[in-house]
Every structure is written in C-alpha cells, then in structure tokens.
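Presented below is the structure to which this report refers.
The values are calculated or read from the model by the stated rules, or taken from the named source; none is laboratory data. Everything quoted here is computed from the prediction, not taken from an experiment. Backbone-built Cβ (ideal geometry, glycine too); neighbour counts: all protein chains shown.
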Amino acid sequence: MAKIKTQNQYYIRLGELMNDIIPEEWTELAVYIEFPKTRPVFKAFFRNGKDGRFLEINEIPEKYSVSKETFDEQYKNLSSFFMDLRRAYEKENKGRDCKTISLFVVEEQVVSEYTAPINEKYSYEKRLAIWKYKEIGVIDNSDDIAVIEKHFGSVNRGVTQGVKRKPYKDVSTAEELMEAGGFLWKYLKRIRVLRFLRFLGF
C-alpha cells in the first residue's frame, strides 16, 4: 500500500485511511473538501499510475466488489478525519474559519495543499466541476462544460487527466512579497538598461 512520506501526523493518518479504503496501490490522490455547518462534504480521487484516469473513491464498492457496509464505515472514518484536519488548520491559523481544503499527493509526497473561501456564486456541484477541471483535468459530463466555459472562458476538450505539479513548499507572505519584489527589481533594471542603450543610440 502507498505511504505518504512526511512528519505531519495528519498526513500519515490520511495515508492510513486511504490505504484502508483503496484496495490497491495508489500513486496519486486528489481531495476536495467543503465544510458546511454540520459535517464535511468531500470528493476524493485516486489513480494507480497504470490507468490513465482518476477513479473516485465512491466507485470502489462496484469496481472492487467491496461490501457497502465496509465502505460506509471507512467513508465515515474519513469524514471524521477531515473534521480533525479542519480544526488543525483553524488552530494553526489562529481561529480563522476554514471553509474548504484542497489537497494533492503525488508519488508519496504532499505536493499541493491550500484552503480557499467558498464561491457562493456557484452551487456545490458547479464548484466541484470547476475544481476537477482546474486541478486534475476531469470533465465528467457535458453539463459541466458550460459551467467551465463560463468560469474560465474556454475549455480544453482534449484535456488529459492529471497535472504535473511543483513540489509543495510552505511560503510565507513575506517571502512571497520578496519574490515578487525580486521580479519587479529585475524588470526595472531591464528598463533602465534599455533606456541607457537608447541614450547611446542603439
């Protein structure tokens, strides 16, 4: 079974729960979670590196002949875990309300993780369709295409499932500003050089 290489106890636990629920070795995991008032609403997708497409965990009982009772119990454990993960996020961010979590694991590494506000302009189904297209290149049905086109302006109908992502890196706001400032400084230096060259008659 797959294992998430990390010191973070939450991600270790996530790997264990996913190994319980996914009956084969998996290489990629993509999870989208929203937190309404009572319990989390989430979708989790995985693939094994051999198949081209992502499989939703809800497809497991039929595809792998897993009993509904067993799957429901594992699903409940996963739902409870996501509530713990939310509380950990909020504690880490000094009580800031966590509305959504988006999480990706590729080849045993957490490569991307973020929280975002809920876009109230869309229903949950439409938000999920947008997330799936943007993050893992999945378009489930023709109804989603209209939503995606409206949101992004166009749709790549030949989109391949799965996106190669940069390794996940914790970047503070200060570091982001420094990086942006570094880019701006290089840009200004280039403008100065061009002006100087024009001054010399080039």
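Of everything in the stretch 113-139, what is small (Gly, Ala, Ser) and within 24 Å of residue 93 (Cβ to Cβ)? Give them in sequence order.
The one that is small (Gly, Ala, Ser) and within 24 Å of residue 93 (Cβ to Cβ): 116.
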Boolean, residue 169 is among the charged types (D, E, K, R), modelled with pLDDT under 90 and closer than 30 Å to residue 5 by Cα
yes
What number of residues within the stretch 54-113 satisfy the criterion of being under 17 Å from residue 14 (Cα atoms), in contact with a strand residue (DSSP E or B) (Cβ under 9 Å, 6 or more places away or on another chain) and modelled with pLDDT under 90?
7
Of the residues that sit in the stretch 109-129 and are among the charged types (D, E, K, R) and not in a loop (DSSP other than H, G, I, E, B), which one is surrounded by the most Cβ atoms within 10 Å (Cβ to Cβ)?
127
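Please state which one of 53, 86 is of a type in the set (Lys, Arg) and either surrounded by fewer than 16 Cβ atoms within 10 Å (Cβ to Cβ) or more than 22 Å from residue 113 (Cα to Cα) (or both).
Values: 86 fails: either surrounded by fewer than 16 Cβ atoms within 10 Å (Cβ to Cβ) or more than 22 Å from residue 113 (Cα to Cα) (or both).
That would be 53, the only listed residue that is of a type in the set (Lys, Arg) and either surrounded by fewer than 16 Cβ atoms within 10 Å (Cβ to Cβ) or more than 22 Å from residue 113 (Cα to Cα) (or both).
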Residues of the stretch 85-115 being more than 18 Å from residue 43 (Cβ to Cβ) and of a type in the set (Phe, Trp, Tyr), which ones?
89
